[in-house]
Amino acid sequence: MFYAPDDRDRTLLPHNPLKAIVAPRPIGWISSLSPAGVANLAPYSFFNLVSESPDIVMFSSTGVKDTVRNILDTGEFVCNLASRELLAQVNLTSAALPREESEFDLAGLETAPSRLVKPPRVAAAPCALECALVEVRELAGRSGAPTGHWLVFGEIVGIHIDEAFVEGGVLRIEKLNSLARCGYFDYAAVEEIHTLPRPGGQSFTSA
């Protein structure tokens, strides 16, 4: 089977399989704070760590939603680690709410204070990354035309880790049950890992 993205046979493939092909994807569960002090929380499946030294994360938003507006206004946000135990709450926080309402309240989630930025973090999240805004820009396609998709880059300035998941100085990824987005309405959790050192015997890319 082959098709060009703009010429998909919707009889054979009524639902776009692209997000199932590029999967699983980590979820950026982004908390931000409006200038009025309302805590916003929303999941983004176009999210990842894109560099180290400096440590920079990126997420993409379709349209300038409340999260992007808040970050543009305040220059700060937090990436909360979404775990399998929090799947129902992650899904609830994807709802479109008026800007004066908080997804924390909708999902019944407690907030926890951040150290270096003002937006709160999800108290139940096993890890959280405090971030300072680096850049926001609209993505353009190959024609150069704007797409309506906005890329947000943030430098990590603080990291929270639940010590219960640290053993022998290593964060046990398989115990975090990190949640990932797959295609359609599907999710996956990391439950099993396989360790394979790189050639030359180096186990970790950075110390």
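The values are calculated or read from the model by the stated rules, or taken from the named source; none is laboratory data. What you see is a predicted model, and the numbers here were worked out from it, not measured in a lab. Cβ coordinates were reconstructed from backbone atoms using ideal geometry, including for glycine residues, and neighbour counts include every protein chain displayed. Areas reflect the complete protein model, heavy atoms only, side chains present, ligands, DNA and RNA absent. Shrake-Rupley method; radii C 1.70, N 1.55, O 1.52, S 1.80 Å.
Which lysines, on any chain, are close to residue 65 with Cα under 29 Å apart, when same-chain ones fewer than 8 places away are left out?
Within the straight-line limit of under 29 Å, residue 65 reaches these lysines: 19, 118.
Could you list which residues have their amide H under 5 Å from that of residue 111, counting only those 5 or more apart in sequence or on another chain, with H placed in the peptide plane?
Those qualifying (amide H under 5 Å, at least 5 residues apart or on another chain) are 123.
So if I place +1 on the C-beta of Lys and Arg and -1 on the C-beta of Asp and Glu, and nothing else carries charge, what would the dipole magnitude of the chain be about its Cα centre? I want it in debye, nearest 20.
The dipole of the chain has a size of about 420 debye.
Using a 1.4 Å probe on the protein chains only, how many percent of the accessible area of region 66-207 belongs to carbon and sulfur? Walk me through the numbers on the way to the answer.
Details: 4500 of 8600 Å².
With neighbouring chains kept in place, the figure for region 66-207 is 52 percent.
Grab the Cα-Cα distance for residue 73 and residue 136, subtract it from 0.36 nm times how many residues apart they are, and report the gain in nm with one decimal.
21.5 nm
Ignoring ligands, DNA and RNA, what accessible area per residue does the chain give at 1.4 Å, in Å²?
Numbers: 12500 Å² over 207 residues.
Per-residue accessible area for the chain comes out at 60 Å².
So for the pair residue 87, residue 65, with labels modelled 7 Å out along Cα→Cβ, what separation do we get in nm?
2.0 nm
Residues of region 1-39 with amide nitrogen under 13 Å from the 7 Å Cα-to-Cβ point of residue 143?
6
In nm, to one decimal, how far is the residue 189 label point from the residue 162 one, both placed 7 Å along Cα→Cβ?
1.1 nm
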